[in-house]
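Student: I have a structure here, written as structure tokens, and I will follow up with some questions on it.
Rule-based calculations on the coordinates, nothing more; no lab input. As the structure is a computational prediction, the values presented were derived from the model and not from experiment. We place every Cβ from the backbone using ideal geometry, glycine too, and count neighbours over all the protein chains shown.
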Amino acid sequence: MKVLKFGGTSVGSADRMKNVAKIIGSEGGNIVVLSAMSGTTNALIGISEAITAGKRDEALSLISELENKYAGVIEALYDSEDYRAQAREAVGASFVLLRTFPGDKEIVAQGELMSTRLFTLYLHSIGVNAALLPALDYMRIDENGEPDLKAISEKLAVVIDNAGKAPIYITQGFICRNACGEIDNLKRGGSDYSASLIGAAVGADEIEIWTDIDGMHNNDPRFVEHTAPVKHLHFEEAAELAYFGAKILHPTCILPAREANIPVRLLNTMEPAARGTLIDNHLDDNGIKAVAAKDNITAIKIKSGRMLLAYGFLRKVFEIFETYRTPIDMIVTSEVGVSVTIDDCSNLQPIVTDLEKLGSVTVDTDMVIICIAGDLEWQHKGFEASVLDALRDIPVRMISYGGSNYNISVLVKACDKVKALNLLSSHLFNRN
Ligand code: ADP
Ligand code: ASP
Ligand code: MG
């Protein structure tokens, strides 16, 4: 049994939904996880922002605009007037709710609720007796916002049982309930995470992430030409790339699959025959495999003579970040100083004020982490030199290697990102 997740572009129009129906087939009891149709989550966030700003007329006109879009999809998706009427009723419930101006989480949840209702009805219309598994009945996060896998597994088993035996199950990505039972979500791009959690909960044979590109490429195709899909990645390599900016995969999605040892395959809905990328627990000795970039990074340097030959200094530094619940991404140290990076700057000012009690503090904003991932075991020679050689003309603020065998990170200015990504591609991958 597999879990198959289709992202926003893959269900972004009536034709795309029909294509997904062909890919998933009509047997096997697989679970199909859907995102909202592309553009819908952004539109819903726009509606929610208008409501919060007290712009009720603007919100109502945005709601009508979205409703018109769905009317067009319904027209194109079904052949019979009977199914069109059922579909209008199914998405109509969401639009009635939106016009009552509910809370922001309930507003954004409507995207996945609508796409799954439309798609399930489409399957029924072509004779596939699919069953809908309501994610709000089983997907749970705890008081820290972390998925509660035990609760998810137990509740999902009940939900599947209630749905009865079906050739295919459809469910919503992204949406969940929080510890108080309120509607919540797994953050932007979180449908990948849903798929991975569901796969772990049911012990799937494989988790397939179907998107608009033929797998994880060796560099970011939005900024670099002539990128190529990577055939195989270890979970650790994929985790580094996803965390450090490879948008194709949500960073949190790797952990549940890895812990349950379920292979993840990245596949292309526009080109289903392409082999894509397989992510599993095997390591093939291949050196550098791919590059990714993470934006909006701030670097903070703390220098202090008190650090020299002292112990406990780093603990004090880390405690400050802990106090302000701010995760650190990269870290490098010298004998008299430490540089760290963060991407959540909401508490930057109090963090700096507290750090200044420990030493002199320098802050560099608008930075980018470039992550070079692969099987970079330290006994293999030369990969560090290749990376630094590629970046010889770019000012580098920090370099980090040795935290894992799978990545070298370098911190550069945001304005150098595209140049750095291209230089790395031409030096590391396109050397003919
Ligand atoms: P979905 O809506 O299916 O979840 P996303 O837009 O989240 O799809 O992810 C797919 C996109 O990720 C691709 O269209 C591509 O532009 C972008 N992307 C960024 N880095 C990479 C990479 N290294 N390999 C493949 N795609 C990448
Ligand atoms: N629809 C949500 C988003 O756009 C979740 C997802 O697509 O993964 O972020
Ligand atoms: Mg995505």
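Student: Counting helices only, and only those DSSP H runs with n ≥ 4, report the 222 nm mean residue ellipticity of the chain as the sum of -39,500 (n - 2.57) divided by its residues, in deg cm²/dmol to the nearest 500.
Tutor: Values: 13 runs with 167 residues, N = 432.
Helix contribution divided over all residues of the chain: -12000 deg cm²/dmol.
Student: Under a Cβ-only charge scheme (Lys and Arg +1, Asp and Glu -1), can you give me the dipole magnitude of the stretch 275-374 about the Cα centre, in debye to the nearest 20? Display every interim value, and only then the final one.
Tutor: Details: 10 positive and 14 negative charges, 59 e Å.
Magnitude of the dipole: close to 280 debye.
Student: Could you tell me whether the stretch 1-141 comes out rounded, prolate or oblate from its Cα gyration tensor? Rule is a ≥ b ≥ c as square roots of the eigenvalues, rounded for a/c under 1.5, then prolate if a/b exceeds b/c, otherwise oblate. List each step's numbers first, then the result.
Tutor: Numbers: a/c = 2.15, a/b = 1.55, b/c = 1.39.
Here the stretch 1-141 falls in the prolate category.
Student: Now for a different question. With +1 on each Lys and Arg Cβ and -1 on each Asp and Glu Cβ, and nothing else charged, work out how big the dipole of the chain is about its Cα centre, in Debye to the nearest 20. Intermediate results must be reported in sequence, preceding the final value.
Tutor: On the way: 42 positive and 57 negative charges, 93 e Å.
Here the chain has a charge dipole of around 440 debye.
Student: Filter Lys155/Lys294; Lys357/Lys413; Lys18/Lys231 down to the pairs with a C-alpha to C-alpha distance above 31 Å, please.
Tutor: Details: Lys155/Lys294 35 Å; Lys357/Lys413 27 Å; Lys18/Lys231 27 Å.
Checking Cα-Cα distances, Lys155/Lys294 exceed 31 Å.
Student: Test of understanding: in a Gaussian network model of the chain with alpha carbons linked when under 10 Å, which of Pro251, Pro350, Pro272 would top the mean-square fluctuation ranking?
Tutor: Its mean-square fluctuation being the largest, the pick is Pro350.
Student: State which helices in the chain qualify, where a helix is a whole DSSP H run, it must extend 15 Å or more along its own axis by its Cα atoms, and its mean Kyte-Doolittle hydropathy must be at least -1.0.
Tutor: On the way: long enough: 14-24 (16 Å, -0.05); 40-52 (18 Å, 0.82); 56-77 (31 Å, 0.05); 81-98 (25 Å, 0.03); 104-125 (33 Å, 0.00); 149-163 (20 Å, 0.75); 191-202 (16 Å, 0.86); 313-323 (16 Å, 0.44); 417-428 (16 Å, 0.42).
Flagged H segments are 14-24, 40-52, 56-77, 81-98, 104-125, 149-163, 191-202, 313-323, 417-428.
Student: Now for a separate question. Mind putting together the pair-distance distribution for the chain? All Cα pairs, 10 Å bins, whole percent per bin, short to long.
Tutor: The calculated distribution, bin by bin, is 4, 19, 26, 25, 16, 7, 1, 0.
Student: Moving on. What is the distance in Å between the Cα centroid of the stretch 41-101 and that of the stretch 233-252?
Tutor: 34
Student: State, in angstrom, two size descriptors of the stretch 148-307 derived from its alpha carbons: Rg to one decimal place and Dmax to the nearest whole number.
Tutor: 18.2, 68
Student: Looking only at Val108, Val387, Val33, which one moves most when the chain is put into a Gaussian network model with springs between Cα atoms under 10 Å?
Tutor: Comparing Val108, Val387, Val33 in a Gaussian network model of the chain, the most mobile one is Val387.
Student: Among DSSP beta bridges whose residues both lie in the chain, state the antiparallel percentage, nearest 5. Don't jump to the answer; show the numbers that get you there.
Tutor: Values: 41 of 67 bridges.
Roughly 60 percent of the beta bridges in the chain run antiparallel, per DSSP.
Student: Right, next: Which is farthest toward the positive dipole end of the stretch 1-136 among Tyr122, Gly39, Gly28, measuring Cα position about the Cα centre, with Cβ charges +1 (Lys, Arg) and -1 (Asp, Glu)?
Tutor: With unit charges placed on the Cβ atoms, the residue in question is Gly28.
Student: Right, next: Could you work out the local net charge near Glu206, counting Lys and Arg as +1, Asp and Glu as -1, over the other residues with Cβ closer than 9 Å to its Cβ? Let's see the in-between values first.
Tutor: Numbers: positive: Lys2, Arg265; negative: Asp205, Glu208.
That sum, taken over residues with Cβ under 9 Å, equals 0.
Student: Would you kindly derive the ³J(HN,Hα) couplings of the stretch 206-211 from the backbone phi angles with the Karplus curve 6.51 cos²θ - 1.76 cosθ + 1.60 (θ = phi - 60°), listing them in order in whole Hz, with x for Gly and Pro?
Tutor: 3J(HN,Hα) across the stretch 206-211, in whole Hz: 7, 10, 10, 9, 8, 9.
Student: If the viscosity is 0.692 mPa s and the temperature 37 °C, what Stokes-Einstein diffusion coefficient in µm²/s follows for the stretch 147-192 when Rh is the Kirkwood radius over Cα pairs?
Tutor: Working: Rh = 12.0 Å.
The estimated diffusion coefficient comes to 273 µm²/s.
Student: Could you sort the peptides 406-418, 328-340 by per-residue average Cβ neighbour count (10 Å cutoff), highest mean leading?
Tutor: Working: 406-418: 19.6, 328-340: 17.2.
Ranked by mean Cβ neighbours within 10 Å, highest first: 406-418, 328-340.
Student: So, one more: State the volume of the convex hull built on the alpha-carbon positions of the stretch 65-174, expressed per residue in Å³ and rounded to an integer.
Tutor: Details: hull volume 11.9 nm³, N = 110.
Once divided by residue count, the hull of the stretch 65-174 is 109 Å³.
Student: Could I ask something else about it? Which residue fluctuates the most in the chain, going by a Gaussian network model with Cα springs under 10 Å, if the choices are Glu236, Glu58, Glu208?
Tutor: Maximum fluctuation in the GNM of the chain, among the listed residues, is at Glu58.
Student: Given H placed 1.01 Å from N in the peptide plane, which residues other than close sequence neighbours of Val32 have an amide H under 5 Å from its amide H?
Tutor: For Val32, whose amide H was placed from the backbone, the distant partners under 5 Å are Leu4, Tyr169, Ile170, Thr171.
Student: Related question: Using only the alpha-carbon atoms of the stretch 246-405 as identical scatterers, what base-10 log of I(q)/I(0) does the Debye formula give at q = 0.16 Å⁻¹?
Tutor: Treating every Cα as an identical point scatterer, log10 I(q)/I(0) equals -1.10.
Student: Next up: Counting Lys +1, Arg +1, Asp -1, Glu -1, what net charge surrounds Glu49 among other residues with beta carbon under 9 Å of its beta carbon?
Tutor: On the way: positive: Lys55; negative: Asp104.
Combined, the nearby Lys, Arg, Asp and Glu give 0.
Student: While we're here: Is the shape of the stretch 97-150 best called rounded, prolate or oblate, per the rule: a/c under 1.5 gives rounded, else a/b larger than b/c gives prolate, else oblate, with a ≥ b ≥ c the square roots of the Cα gyration tensor eigenvalues? Numbers along the way, then the final one.
Tutor: Numbers: a/c = 4.07, a/b = 1.39, b/c = 2.92.
Since a/c reaches 1.5 but b/c is at least a/b, the shape of the stretch 97-150 is classed as oblate.
Student: Picking from Tyr324, Asn261, His282, whose Cα lies most toward the positive end of the charge dipole for the stretch 257-341 (charges on Cβ: Lys, Arg +1; Asp, Glu -1)?
Tutor: Result: Tyr324, furthest along the dipole toward the positive end.
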